[in-house]
Amino acid sequence: MTGVSRIDRNPVTAAQARHDLIIVGGGVYGVMLALEAGRRGKRALLLERDDFGGATSRNHLRTLHGGLRYLQSLDVPRFFESVGERRWFLSRLPALARVLPCLMPLYGRGLMRPAVMGPALLLNDTLGACRNRGVSGERRLPMGRLVGRGRTLELFPQAERRGLQGAALWYDAAMPEHQRLLMELLRWACTLGAGALNYVEAENLLRHDERVAGVLALDRLSGQRLEFRAPLVVNAAGPWCRELAQKFDQDQPRLMRRRLLLFNVLFRRKALSECALALTPRRGPSHTYFVHSWQGRMLAGTGEVLLDDERSAAEPRPEEIAAFIADLNDAVPELSIQEGDIEAVYAGILPATAAGRLAAREVILNHGAVQGPMGLYSVSGVKYTTSRLVAAKAMKRIFPSAKPRPLAPPEAANSGRWFFAYDWEPPPGWSAESLRELVEEEAIVHLDDLLFRRSGLGENARRARELLPRLRPLFSWSDLRWQQECERVLSRLRGRA
């Protein structure tokens with residue numbers, strides 16, 4: 001069963017069709033569930049109440065981490081999962097994933113010692129010996145190593161020199177065009193028979209004799225309520241998965257025992273190094289930040305804030321951003337970064353343990369096995385890197401006899417289409433007509449869908465404002481609608497820190 005590599009938004013047609021399963025939530029976990037269903041010959045319908053990849057799945061550090069961090073806690077199974085899934089991205093989508101060198105300056109304290117990091121790097125490469133299987137050319141990851149003080153300062157000139165003994169250098173992966181990565185995954189799912197509807201909100205579970213029969217959903221554009229039919233429904237609503245489980249069945253605390261706000265900050269500064277830097281403030285308590293070289297710009301993360309029940313906004317408070325910046329300045333005294341240097345803050349909510357730490361594992365819940373409706377499942381994930389593997393685990397439980405087909409993505413997924421770097425400027429003679437195919441094929445409903453979630457055109461706020469009048473010919477909206485859409489974009493840009 002195959003379709004075309006495009007996303008057609010037609011809720012009425014989708015309501016008339018029969019689906020093997022309905023997935024609620026259009027973040028990376030929902031998209032990967034649709035893809036893995038398609039690989040098993042199952043027809044999925046994906047429903048997203050806002051736009052695809054608009055919440056936590058967009059607001060991350062844009063890295064695809066292997067398992068080095070899990071060796072600290074001796075979580076070997078998670079190490080192998082991360083290495084394998086990083087390899088999956090590098091081998092299947094090489095135009096959308098690249099090698100990311102990582103550097104940790106060593107100062108002879110705690111884990112930041114050559115005597116600790118040397119064996120750790122060796123163990124990382126030994127256990128991850130299969131990291132390059134199926135990966136070609138420049139996407140292959142070199143072995144990690146220790147480098148001396150001189151080489152450390154060549155790679156990272158602003159490193160604190162006092163007490164510097166050298167650095168640990170290893171290799172991970174990054175996804176610079178993260179919007180395109182998610183959309184190419186979704187288009188791939190559509191070639192395998194999936195349907196995808198944005199701005200359609202699942203309101204109620206349809207049942208027949210205590211079994212799932214589908215969902216009742218609201219098309220937020222037309223205001224029409226539609227019934228979408230399928231014998232299986234998967235709740236992949238990310239930060240709202242526990243809330244949706246309660247609406248469809250009953251409260252399931254283990255889906256989201258507590259909520260952890262994670263945030264990353266893009267600065268109007270050149271990157272400190274071509275390497276991603278693992279930096280720890282000199283003052284306690286110890287927290288390692290990753291200062292990532294994203295398209296030559298400084299992208300730093302990750303701040304963590306445990307949310308209480310009364311706090312719902314998925315954004316850090318000014319004092320939390322100030323503390324984040326103070327930590328970066330403490331880790332790199334020469335940095336002297338200020339809040340006025342902020343280009344954007346990317347924040348999202350992930351599940352936390354009862355103790356307030358980021359959850360270590362995904363949760364895949366069969367509601368029918370705990371006295372809920374048969375055919376209802378919930379998936380609560382943690383990491384972008386392992387999202388496909390979690391989706392595959394869920395599909396194995398839901399369709400135990402369906403074997404996945406070893407399929408490659410559509411050729412166009414690796415074509416580099418609609419890539420726009422932070423520093424990109426329209427060349428002489430550039431026309432917005434070059435975006436016409438994108439607008440027509442990827443269910444763009446609002447102007448900010450195009451700028452922020454289909455491309456990186458909105459990452460550079462100055463450029464986004466200048467581009468707005470040039471994008472007008474792409475849309476047949478009335479002048480009033482165009483003004484409203486522009487104000488929607490400008491409001492988002494003004495709302496940045």
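Throughout, read-outs are computed from the coordinates displayed, never taken from laboratory work. Computed from a predicted structure; not experimentally measured. Here Cβ is always computed from backbone atoms with ideal geometry, including for glycine, and neighbour counts include all displayed protein chains.
Ordered by packing density, taken as the mean number of other Cβ atoms within 10 Å over each peptide's residues, highest first, how do 353-360, 40-47 rank?
On the way: 353-360: 12.9, 40-47: 23.5.
Ranking, from highest mean packing down: 40-47, 353-360.
P(r) of the chain in 10 Å steps, Cα pairs, percent per bin?
Here the calculated profile for the chain is 4, 19, 29, 28, 15, 5, 1, 0.
Can you list the equivalent-ellipsoid semi-axes of the range 149-205, largest first and in whole Å, using the square root of 5 times each Cα gyration tensor eigenvalue? Let's see the in-between values first.
Numbers: eigenvalues 452, 44, 18 Å².
After diagonalising the Cα gyration tensor, the semi-axes are 48, 15, 9 Å.
Which distance in nm do the two modelled labels at R98 and R462 give, with both placed 7 Å along the Cα-to-Cβ direction?
For the pair R98/R462, the computed spacing is 2.2 nm.
So how much slack lies between S478 and R397, counting 0.36 nm per residue of separation and subtracting their Cα-Cα distance, in nm? Please list the in-between numbers first.
On the way: separation 81, 0.36 × 81 = 29.16 nm, distance 4.85 nm.
So the extension gain works out to 24.3 nm.
For a Förster distance of 35 Å, can you work out the FRET efficiency between the beta-carbons of A354 and E437, rounded to the nearest 0.05? Spell out each step's value before the answer.
Working: r = 48 Å, r/R0 = 1.38.
Step by step, r from the Cβ atoms, then E = 0.15.
If the only charges are +1 at each Lys and Arg Cβ and -1 at each Asp and Glu Cβ, what is the size of the charge dipole of the chain around the Cα centre, to the nearest 20 debye?
Values: 71 positive and 55 negative charges, 298 e Å.
Taking the Cα centre of the chain as origin, the dipole is about 1440 debye.
Go from 0 up to the bin containing the longest alpha carbon distance in the range 195-288, width 5 Å each, and give me the % of pairs per bin.
Using 5 Å bins, I get a P(r) of 3, 9, 14, 15, 13, 9, 8, 8, 8, 8, 5, 1, 0 for the range 195-288.
Would you check the chain for Lys pairs whose C-alpha atoms are within less than 27 Å, ignoring same-chain pairs closer than 8 in sequence, and give me the count?
12
Plugging the Kirkwood radius over Cα pairs into Stokes-Einstein for the range 364-485, at a temperature of 4 °C and a viscosity of 1.567 mPa s, what D comes out in µm²/s? Working shown, then result.
On the way: Rh = 18.4 Å.
It comes out at roughly 71 µm²/s.
Using bins 5 angstrom wide from zero, how does P(r) for the range 60-193 break down, in % of all Cα pairs?
Per 5 Å bin, starting at zero, the Cα-Cα P(r) for the range 60-193 comes out as 2, 10, 18, 19, 18, 15, 10, 5, 2, 1, 1, 0 percent.
Debye calculation, C-alpha points only, no solvent: report log10 I(q)/I(0) for the range 418-494 at q = 0.19, 0.22, 0.23, 0.25 Å⁻¹, in the same order as the q values.
Ignoring solvent entirely, the Cα scatterers give -0.78, -1.09, -1.20, -1.44.
Could you tell me the distance between the Cα centroids of the range 104-125 and the range 353-402, to the nearest Å?
One Cα centre to the other: 34 Å.
For the chain, what does -39500 (n - 2.57) per DSSP helix run (n ≥ 4), summed and divided by total residues, give at 222 nm, in deg cm²/dmol to the nearest 500?
Working: 13 runs with 142 residues, N = 497.
That calculation yields -8500 deg cm²/dmol at 222 nm.
Just report the Cα centroid separation between the range 213-230 and the range 299-331, whole Å.
Each part's Cα centre sits 37 Å from the other's.
Among Q483, L141, L21, pick out the residue whose Cα is farthest towards the positive end of the charge dipole of the chain, where Lys and Arg carry +1 and Asp and Glu carry -1 on C-beta, about the Cα centre.
L141
Enter the Cα centre distance for the pair the range 415-487 and the range 28-43, rounded to the nearest angstrom.
A separation of 29 Å, based on Cα centres.
Taking a ≥ b ≥ c as the square roots of the Cα gyration tensor eigenvalues, with a/c under 1.5 meaning rounded and otherwise prolate when a/b beats b/c, else oblate, which class fits the range 309-431? Mind dumping the intermediate values first?
Values: a/c = 2.80, a/b = 1.31, b/c = 2.13.
Judged from the Cα gyration tensor, the range 309-431 comes out oblate (a/c at least 1.5, b/c at or above a/b).
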